[in-house]
Amino acid sequence: MPGVANARADGWNRPPIDRMANLNVEPGDATLADMIAGIDRGIVMETNCSWSIDDSRNKFQFGCERGRLIVNGKITHTVKNPNYRGISAHFWRSLKRVGDADTVRVLGTPYCGKGEPSQLIRVGHASPACVFGDVDVFGGED
């Protein structure tokens with residue numbers, strides 16, 4: 001298999017380290033309004049602020065600064081600090097709908113931090129809005 005440039009160093013004097021790849025999700029055909037209208041009870045997660053994933057990239061937990069509650073296909077109110085967790089393969093199998101090109105955003109984190117001494121490299125992901133079912137959501141305050 002040809003190389004994919006995921007072993008990178010943040011400077012000339014650091015050894016290359018296996019890195020997280022920049023991953024993208026291709027857009028589907030659903031509008032954001034249609035996706036929201038099809039949800040009986042859910043939450044739109046916004047502004048990721050914490051993340052944790054185990055060494056095997058299997059179990060994960062993410063926290064967001066803000067979420068918006070969806071009830072009967074309508075956004076109702078804002079909640080603070082909602083979180084979600086799961087197991088990667090189950091999570092991706094629960095993908096129900098994928099937003100169209102108008103919902104695509106390029107997001108990511110300013111750094112993938114690894115190594116000793118620490119190295120920091122930018123990581124980005126392009127993704128449309130997506131609907132997932134049966135996700136373990138917890139926290140969130142009115």
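The values are calculated or read from the model by the stated rules, or taken from the named source; none is laboratory data. What you see is a predicted model; the values in this text were computed from it and never measured. Note that we place each Cβ from the backbone using ideal geometry, even for glycine, and neighbour counts take in every protein chain shown. Please note that ligands, DNA and RNA were not included when accessible areas were found on the heavy atoms of the full protein model with its side chains. Shrake-Rupley method; radii C 1.70, N 1.55, O 1.52, S 1.80 Å.
Worth pointing out:
- Between residue 37 and residue 61, the FRET efficiency from the beta-carbon distance, with R0 = 25 Å, is close to 0.30.
- At the listed q of 0.15, 0.17, 0.19 Å⁻¹, the Debye profile of the chain, built from one uniform point per Cα, gives log10 I(q)/I(0) equal to -0.87, -1.07, -1.26.
- With every protein chain in place, the chain: carbon and sulfur % of accessible area (1.4 Å): 53
- Of 34, 100, the order by accessible heavy-atom surface (1.4 Å probe, DNA, RNA and ligands excluded), from most exposed downward, is 34, 100.
- Protein-only accessible surface at a 1.4 angstrom probe places the residues 49, 130, 112 in the order 49, 130, 112, largest first.
- Extension reserve of the residue 137-residue 52 stretch, reckoned as 0.36 nm per residue once the Cα distance is removed: 29.1 nm
- Förster radius 30 Å - calculated FRET efficiency between residue 22 and residue 80 (Cβ-Cβ, nearest 0.05): 0.50
- Lys, Arg +1 and Asp, Glu -1 on Cβ, resulting dipole of segment 1-124 about Cα centre, debye, nearest 20: 280
- Accessible surface ranking that places the most exposed of 93, 68 first, with a 1.4 angstrom probe: 93, 68
- Highest mobility in the GNM of the chain, judged by mean-square fluctuation with C-alpha springs under 10 Å and restricted to 73, 38, 11, is found for 11.
- Springs between Cα atoms under 10 Å define the GNM used for the chain, and in it the highest mean-square fluctuation of 70, 43, 53 occurs at 53.
- Accessible surface of residue 32 - all protein chains present, 1.4 Å probe, nearest 10 Å²: 90
- Within the chain, helix-based [θ] at 222 nm, where runs of 4 or more DSSP H residues each add -39,500 (n - 2.57), nearest 500: -2000 deg cm²/dmol
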